[in-house]
Amino acid sequence: MPHYARRAFACCFVLACPASALADVEYLDSEQGRVTVEAIAEGLEHPWAVAFLPGGAGMLVTERPGRLRIVGGDGRLSEPLTGVPEVYARGQGGLLDVHLSPDFQQDRLVYLSYAEAGESGKAGTAVGRGRLADDLSGLEGFTVIFRQQPKLSTGIHFGSRLVFDGDGHLFIALGENNQRPTAQDLDKLQGKLVRIYPDGEVPDDNPFVTAEGARPEIWSYGHRNQQGAAFNPWSGRLWTHEHGPRGGDEINIPGPGRNYGWPLATHGINYGGQPVPEAKGEVVEGTEPPHYVWETSPGISGMAFYDSEAFPQWQHNLFIGALVDQSLIRLQLDGDKITHEERLLKQIGARIRDVRLGPDGHLYLLTDSPSGKLLRVGLDAR
């Protein structure tokens, strides 16, 4: 399972953050004790994703305008790394997710998702990989392994999150480029969760490999704008979440070949207050209902299950960032059932773009701002 790989990876990683390098600690009340918030790094331009390097080498952070940086243990930002692909940095587009290869200790491969321009002036999500140089200065031999086709975005709804399972597959959670009907079209990659091998090849057991007129990469469809994906470490199942329109943000547990409804089934309406034209209701025959839904959209982004021993109060919790609500959402789990919700960090008033569980048991958050921050969040042990 993916969390086993993370545990093994963590044993060789020590986050060296001396107290003198950190900003003052904020203490915020919560149902499970006082939450601690420390700013590890500041001055990041619309940071989108963070990944932890082994051996105390710091953290890779993407900035949406197209920069990849390393945040050191002392909070210092590196110069932008070389070898990063050119990105379509318009609207919500740019450099997006970052993920280390499951075999990073051997191959040093870094995977990036980003918005890529096409010949028509429109864009789509692409994914590629390159080797992190030994001196950490850049990516070598960057190669594109996946392109969302056709390219339909004019600057919004790219998705996207990357996640590896324990069997050698890469899942890519995509948006529908604000072209609603395409989420139902199996000959297009908009609004899909796709499953490929790390080199871009398509597994023979994908659900639509033999379906005429369907893209073989597709794992599930009927998604809107997916910005969260993580494997549940206790069940081994992949969870994703996506933005609804005005209302209807949702969590799904995508199964192979399943249709998750958008835009036929939704709990939301258009931003102008009118119904979604294609919508037939909240529940539509032939589509899967959401596992969990917010009638009022918090604007969700980033997702991390908590299975560390550092803060036992957070065991069997799921944490999700909220852009619109400017909070960290804590969801308490009983198996796959979500039994309780709490909104944390509203006092700091920040749009939270990414949420990751660090090897030290703390949560690491990125705030979406022209001068964004990397935050380290825990519980007060005193």
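Overview of results
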| quantity | calculated |
| --- | --- |
| Every residue from region 201-242 that is of a type in the set (Ser, Thr, Tyr) and surrounded by fewer than 23 Cβ atoms within 10 Å (Cβ to Cβ) | Thr210, Ser235 |
| Set Gln92, Gln32: member being polar (S, T, N, Q), over 17 Å from Leu132 (Cα atoms) and within 22 Å of the chain's Cα centre (by Cα) | Gln92 |
| Test: residue in region 80-90 that is modelled with pLDDT of 95 or more, under 21 Å from Ala230 (Cβ atoms) and in contact with an Asp or Glu (Cβ under 8 Å, 6 or more places away or on another chain) | no |
| Yes/no for Arg180 being surrounded by fewer than 19 Cβ atoms within 10 Å (Cβ to Cβ), over 25 Å from Asn232 (Cα atoms) and not aliphatic (A, V, I, L, M) | no |
| Members of region 147-170 that are farther than 14 Å from Leu109 by Cβ and either of a type in the set (A, V, I, L, M, F, W, C) or loosely packed, with under 14 Cβ neighbours inside 10 Å (or both) | Leu152, Ile156, Phe158, Val163, Gly166, Asp167 |
| Test: Val276 is within 20 Å of the chain's Cα centre (by Cα), farther than 24 Å from Val377 by Cα and hydrophobic (A, V, I, L, M, F, W, C) | no |
| Per-region count, region 262-287, residues part of a loop (DSSP other than H, G, I, E, B), more than 15 Å from Asn252 (Cβ to Cβ) and hydrophobic (A, V, I, L, M, F, W, C) | 2 |
| Single residue of region 151-179 satisfying the filter (in contact with a helix residue (DSSP H, G or I) (Cβ under 9 Å, 6 or more places away or on another chain) and in a loop (DSSP other than H, G, I, E, B)) that is modelled with the lowest pLDDT | Gly166 |
| Members of region 318-341 that are in contact with a Phe, Trp or Tyr (Cβ under 8 Å, 6 or more places away or on another chain) and buried (at least 21 other Cβ atoms within 10 Å of the Cβ) | Leu318, Phe319, Leu328, Ile329, Arg330 |
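The values are calculated or read from the model by the stated rules, or taken from the named source; none is laboratory data. Everything numeric here is computed off the predicted structure, so don't read it as measured data. With ideal geometry, Cβ positions are generated from the backbone for all residues, glycine too; neighbour counts draw on all protein chains shown.
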